[in-house]
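J.: Sharing a structure below in structure tokens format, with a few things to ask.
Since every read-out is calculated from the coordinates, none of them should be taken as a lab result. Note that the structure is predicted; figures quoted are calculated from it, not measured. Cβ sites come from the backbone with ideal geometry, for glycine too, and all protein chains shown count toward neighbours.
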Amino acid sequence: MTQTELLYRALKEYRKLTLAHRESTLRRDAIKKADAENDRLTVTRMNCTIDEDWIEAIEAGLPFIGKAIDEERQFILSNGETEQIEKVKHVSKESVTHLARHSNYITRVEEDKDIVPDRLYTVERLNDYTVYENRFLYMLLCDLRDFVSLRYNKLLELTNTYIGALRLDKTVNFNKERLVFHLSLDEERKDDKYLLEHNPMKPVIDRIDLLQRSVYYYLRTPLMIEVAKADKLKPPITKTNVLRMDKNFKETVKLYEFLSAYRKDGYTIEREEREFAPFSDIIADELSETVILSSFLAYEHGLGMEDALAEEYEREEKRRRQEEEERNLERIKALKKRITDGGGGEEEYMLLLEQRNKFLEDDSAELRVRRAEVEKLNADVAALNEVIAGHHIEIEKLNERHGMELAEVGARMNELGRERDAERAEHRAAMRAAEDNFYKELTARDETHRAAMREKEEELGTCKKQLAETEDKRALADGRLNALRFEHGLTAPQDDFSSQEAFAELEHQYAAFQGFFRGQWRKARRRIRREMWKATISAILAQRKKKSAAAEDRAENAEDSADAAKQADATEQTETTEQVNTTDQVNATERTDVAEQADVPKESERSRDESDGNEE
């Protein structure tokens, strides 16, 4: 009995008790009429139409796949090598042929003329089933498996899925009771057995299921299991002679090409929705039972009435059984009296006795069921006690093991902590060393960079100085050239210096010439003054020497030393006066040079201003 059948039977039994009950009938009527416009039941189903072209193509090609597998195409590998005679297990024709060609392997000949070689050639033959055609079959079966399974599972999912939605929203007033009931039910059932059995496309789906089973059967054959170990082929395929000429393989290639070119789903789905609103009397009456039952369950469990209702149920059942038994006894007595009086039949009497016996048997059967249930519960309790005891023992063992594991984990954690601290210390030391090395390297690079920058700045200053000197020299040369051209009347009308660039260049030439004039004039004047001073000092020194010689002559001719001393003093005083005069003269000359040097720019500016005025 399925769950659906069980629930239907329980509903029928429940309805037998409530249909004839007056209060239940009134409650159901009140519930049906309350807010009936809000009641709604919606059911969604998928109607499927399956294209049979791909099914027929696969059904036509599968037998040829089976025949191609039965051919068991293989490639025989022969590996030959010479081995010691003690290791040789079997001798073949190739062994004898090889020994005839290599007589050096013969070591001796026995007395019975048996040849005994030292080494012998052996051949090992291996069967290789992973040929290209078998690998093609395996690839085709894998594609078929995916192709069929995808569509089969999708069809089952769509056609055997029930989707339902129930909405109840009621406010019921019955006597002194008020009931507000809201029900929102959304249900989805996949692989529903009822839909599977009553599916209109079931014959076609069964054919697809058979195709899928056949494909899995071929994949589990020994040949395909062996071929599955090799590398799987990838499209496009190479049509070997076997694939083109062999009848079975030719049909499999045709099926492969059909699958490769198939781009459709192979089925069409139409969604169908049915809505029940308003409800029919039967649906409304049965759903009203749901409302009443929900209300009762909430009332029962909310007030804790389970035990009291159970006792009342047992008393009512006992009373019913007693009444039934009394009625049967009365009927038996009445029938017995009728038989005694000659007005009753024995068959009726036997029938009543059988009914009473049946009633007693039902009671005894119920007692036996209850007793069996009690014994089963006792056995279950004993078994559970044993299981609990075993669990306690296992828990103790687990606690001991867990304690040991915790101790090991703690020790391991401590060890890992020490290792982590050591690694952290090493890491920090390495980081500090790396930082120090990096800082030193950065400092050295910075110093080198700064030194290089200073050298470049010095070179740049030198270059700028040289450039300025070169520009001054060029401007001086241009100024000299323009002066010479002007002096000799070689200026042309196109030599116009009124533009901004030409005027700036002229200013530059003027400044360079002025600087050159000041420097050269000062140097020449100093050189001339120095030569004049040298000549004057030389003359003074020569004159002084002459006077000293004359004074010495006069001193020699003087009569006494006093006159000579006075004359010497007068001579020294004269020389000192002359020396002071010479020094004053030199200082005055230098002051005159400085004043003249300071007057040169002023004169230059005045002359430039006069030339500007003349031009204006």
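J.: Using 0.36 nm times the number of residues separating Asp143 and Ala425, minus their current alpha carbon distance, what extension gain do you get?
T.: Stretched out fully, the Asp143 to Ala425 stretch lengthens by 95.5 nm.
J.: What size of dipole, in debye to the nearest 20, comes out for region 371-525 about its Cα centre when the only charges are +1 on Lys and Arg C-beta atoms and -1 on Asp and Glu C-beta atoms?
T.: That gives region 371-525 a dipole magnitude of about 1440 debye.
J.: Work out, step by step, the length gained on full extension between Tyr262 and Glu396: first 0.36 nm times the residue separation, then minus their alpha carbon distance; give nm to one decimal.
T.: 41.8 nm
J.: What does the charge count around Arg40 come to, taking other residues whose C-beta lies under 13 Å from its C-beta (Lys +1, Arg +1, Asp -1, Glu -1)?
T.: Combined, the nearby Lys, Arg, Asp and Glu give -4.
J.: Between Lys247 and Glu373, what length comes free when the chain is fully extended (0.36 nm per residue of separation minus the Cα-Cα distance, one decimal in nm)?
T.: Result for the pair: 38.5 nm of gain on full extension.
J.: Once both labels are modelled 7 Å past Cα along the beta-carbon direction, what's the Arg529-Lys318 spacing in nm?
T.: Output for this residue pair reads 15.6 nm.
J.: Shape verdict for region 1-119, please, from the Cα gyration tensor: rounded (a/c under 1.5), prolate (a/b greater than b/c) or oblate.
T.: prolate
J.: Return the FRET efficiency for the residue pair Lys87, Thr130: r is the Cβ-Cβ distance, R0 is 25 Å, and the value is rounded to the nearest 0.05.
T.: 0.30
J.: Using a simple spin-label model with points 7 Å from Cα along the Cα→Cβ vector, what separation in nm is obtained for Leu293 and Thr221?
T.: 5.5
J.: Follow-up. Structure shown: which of Lys16/Lys193; Lys67/Lys264; Lys170/Lys202; Lys67/Lys202; Lys239/Lys264 lie over 31 Å apart, alpha-carbon to alpha-carbon? Don't skip to the answer; put the middle values down first.
T.: Working: Lys16/Lys193 28 Å; Lys67/Lys264 29 Å; Lys170/Lys202 41 Å; Lys67/Lys202 29 Å; Lys239/Lys264 26 Å.
Listed pairs above 31 Å: Lys170/Lys202.
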